[in-house]
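Report on the structure given below.
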Amino acid sequence: MTGIQEFDHVIVGAGSAGSVLAARLSEDPAVRVALVEAGGPDTDPDFRIPMGSMALLGSSHDWGYRTTAQPGLDDRRIDWPRGKVLGGSSSTNFQMWIPGHRLDYDEWGRAAGPQWSWDAVRPYFRKAERWTGPPEDGTTYGDAGPLRISPPRDPDPTTAHFLRACEELGLKPVPGGLGGPDHTGSAVTPLNQWRGARWSTADGYLRPAANRPNLTVFTGKQVHRVLLEGGRATGVEFADGRLTALREVILCAGAVNSPQLLMLSGIGDAQALREVGIEPRIHLPGVGRNLQDHIALDIVMKAVEPVRLAHADTPAARRRYEEERLGPLTSNVAEAVAFFRADGGPGAPDLELIWAPVAFTEDEPSGADGLTAAVVLLQPESRGRLTLTDADPTSPPRIDPRYLSAGADVRRLMAGARFAERIFGTEALRPLVSGPWAPWARGLSDSALAALVRAQASTLFHPVGTCRMGGGEDDLAVVDAHLRVRGVDALRVVDASVLPNVPRGHTHAPCVMLGERAADLIRDGQPAGGSK
């Protein structure tokens, strides 16, 4: 593409929020919308196959980011997969639709404004959702939205054992599913699937809007910077051209790429920008700060009997999937979850347990028979930062989450590991396992367990917070309650980077909600007016 094209709105990033926003804004035929995606179309068959997520990690559809060496993780560098394709990470993730706890949103409401409280945002979740499973299991979800949600179509037999094990330890089934205000307890995982296939935001939002003459989707175009004139965003620039935005530029590029684009455009901490050779345009020191992510520890046990998911890549399994949409390839791998508190007390959960009926381990060959309970730290205290490596738009940024820099994070993960050990010792699960899988071992001392946490914990792929929203008294807030970038006219950010805190759930659902909410903010006459 060469030259300049004009649109009313230019949206950067076709992921969980960007696809939603493009579809909603283009419902008005008088509004011209451009959606720009660095990746390509989602035509690879693995995008449709739920278990294909495993093949997509590290592929050409993945940005392939890595963190800096993490002292809290024995100086390991952690892979950070991010979707680079229409649908973004919703086309490559594990399809889990878990909005979180009402306290998450009430905390955002206190930080940025009451329009982000649970009661205010829940209608936007329901607007997006279309529950397609048993009615009694989906009373907390919407039933007419673009995004299909269903339970696992053909779950592994061990998943029912896990749910019984949770009940043995007091984690009762969550009534009506995980879409309500309190998801404490256990449940099968609600999935973005339809009849055994993945259902991304590209499927739910973009395809129905694809033939609108006022929506133009660009693929294979990596935006290099936002164009600014006199303190106003006027468009975006690629290697081979520009797009002009007559109304707004909206960054939906995610917690890595949105702050990176702001900094490449001269918006960020002035001193840090000068250090990499970029002339500051707007001093906004919060850009790239407040980086948070869910960190997880896999507890793996050897299975007594062969595990179906470990042998899913067979002609028979693929044939059954193609003919019936049944079998192990329908699995998202993470088939059930439980939410609870590390201290066992009342209140909002701070740990999640994810059941995966397969061995998640780097040290054993694929196809090995094992069972995994992944412990997820939902409310980490550790905070990191994202900065530019240099002024080259194609250079990956420097990602430093500072994992486990807060000692409380290690202690909570240890408590979760002890709980996972108890899960495997229940009457429901004990007959299915023959013993622990190295490096895990039963009866570890506290010091040995802490060392194991630092040696084995890794990301759950939920980075947030690098352009956080906040009130006028928050000097490090990057956007205001209307998601407008401070000090710049006609520029918003709408993605996981604006979340003040990582939710007690997963990040795909909140990003879809952000897209729905932002569409209303824009259509209701809330211009991106450069709030201070």
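The values are calculated or read from the model by the stated rules, or taken from the named source; none is laboratory data. Source: prediction; values computed, not measured. Here the Cβ is made from the backbone with ideal geometry for all residues, glycine too, and neighbour counts use every protein chain on show. Just so you know, the surface numbers come from the protein's heavy atoms only, side chains and all, with ligands and any DNA or RNA stripped out. Shrake-Rupley method; radii C 1.70, N 1.55, O 1.52, S 1.80 Å.
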Among the residues listed as Ala55, Ala34, Ala22, the single one being more than 24 Å from His462 (Cβ to Cβ) and outside any loop (DSSP other than H, G, I, E, B) = Ala34
ask   = From Pro123, Pro155, which residue is at pLDDT 95 or above and part of a loop (DSSP other than H, G, I, E, B)?
value = Pro155
ask   = Among Gly277, Gly345, which is modelled with pLDDT of 95 or more, open to solvent by 10 Å² or more (accessible area, probe 1.4 Å) and not in a helix (DSSP H, G or I)?
value = Gly277
remark   = Looking across the stretch 232-252 at residues that are open to solvent by 30 Å² or more (accessible area, probe 1.4 Å) and of a type outside the set (S, T, N, Q), the single one that is farthest from Gly465 (Cα to Cα) is Asp240
request  = Sort through Pro397, Pro380, Pro401 and tell me the only one that's within 20 Å of the chain's Cα centre (by Cα), open to solvent by less than 40 Å² (accessible area, probe 1.4 Å), under 22 Å from Gly344 (Cα atoms) and in contact (Cβ under 8 Å) with a residue 40 or more places away in the chain.
outcome  = Pro380
request  = Test Ala481 against the criterion of being farther than 16 Å from Pro380 by Cβ, at pLDDT below 90, assigned to a loop (DSSP other than H, G, I, E, B) and not β-branched (Val, Ile, Thr), and give yes or no.
outcome  = no
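Could you list all residues from the stretch 3-19 that are part of a strand (DSSP E or B) and aliphatic (A, V, I, L, M)?
Ile4, Val10, Ile11, Val12
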inquiry  = So the check is Cβ under 7 Å with 6+ separation or different chains; which pairs have a first residue in the stretch 324-336 that's within 9 Å of Pro357 (Cβ to Cβ) and a second one that's among the acidic types (Asp, Glu)?
reply    = Ser331/Asp156; Glu335/Asp156
task = Considering each of Gly472, Gly515, Gly505 in turn, give the residue that is open to solvent by less than 10 Å² (accessible area, probe 1.4 Å), small (Gly, Ala, Ser) and assigned to a loop (DSSP other than H, G, I, E, B).
result = Gly505
inquiry  = Restricting to the stretch 116-157, give me the number of residues that are surrounded by fewer than 20 Cβ atoms within 10 Å (Cβ to Cβ) and of a type in the set (A, V, I, L, M).
reply    = 2
inquiry  = So if I check each of Asp79, Asp104, which one is closer than 30 Å to Thr67 by Cα, of a type in the set (Asp, Glu) and open to solvent by less than 10 Å² (accessible area, probe 1.4 Å)?
reply    = Asp104
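Being of a type in the set (D, E, K, R) and more than 30 Å from Arg442 (Cα to Cα) narrows it down to one residue among Glu237, Glu305; which is it?
Values: Glu305 fails: more than 30 Å from Arg442 (Cα to Cα).
Answer to the check: Glu237.
Looking only at the stretch 213-222, decide whether some residue is open to solvent by less than 10 Å² (accessible area, probe 1.4 Å) and of a type outside the set (Asp, Glu). Break it down into steps so the answer makes sense when it comes.
Within the stretch 213-222, the first condition is being open to solvent by less than 10 Å² (accessible area, probe 1.4 Å), and the residues that meet it are none.
No, the stretch 213-222 has no match at all.
Residue by residue, here is whether (1) of a type in the set (Val, Ile, Thr); (2) open to solvent by less than 60 Å² (accessible area, probe 1.4 Å); (3) more than 30 Å from Ser405 (Cβ to Cβ) holds:
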residue: Val33; (1), (2), (3): yes, yes, yes
residue: Pro41; (1), (2), (3): no, no, yes
residue: Ile49; (1), (2), (3): yes, yes, yes
residue: Gly52; (1), (2), (3): no, yes, yes
residue: Gly58; (1), (2), (3): no, no, no
residue: His61; (1), (2), (3): no, yes, yes
residue: Thr68; (1), (2), (3): yes, yes, no
query = In the stretch 71-94, is there at least one residue being aliphatic (A, V, I, L, M), within 24 Å of Thr330 (Cα to Cα) and more than 18 Å from the chain's Cα centre (by Cα)?
reply = no
task = Out of Leu163, Leu169, report the one residue that is surrounded by fewer than 20 Cβ atoms within 10 Å (Cβ to Cβ) and either in contact with a helix residue (DSSP H, G or I) (Cβ under 6 Å, 6 or more places away or on another chain) or modelled with pLDDT of 95 or more (or both).
result = Leu169
note = Selection over the stretch 322-342 where residues are open to solvent by 10 Å² or more (accessible area, probe 1.4 Å), touching a helix residue (DSSP H, G or I) at 6+ places or on another chain (Cβ under 6 Å) and within 15 Å of Arg422 (Cα to Cα) yields a count of 1
task = List every residue pair whose Cβ atoms sit under 7 Å apart, with the two residues 6 or more apart in sequence or on different chains, where the first one lies in the stretch 21-44 and is in contact (Cβ under 8 Å) with a residue 12 or more places away in the chain and the second, anywhere, is basic (Lys, Arg) and open to solvent by 50 Å² or more (accessible area, probe 1.4 Å).
result = Ser26/Arg212; Ala38/Lys84; Gly39/Lys84
task = Could you tell me which numbered condition Val337 fails, if it satisfies all but one of (1) touching a Leu at 6+ places or on another chain (Cβ under 9 Å); (2) closer than 28 Å to Met414 by Cα; (3) assigned to a loop (DSSP other than H, G, I, E, B)?
result = (3)
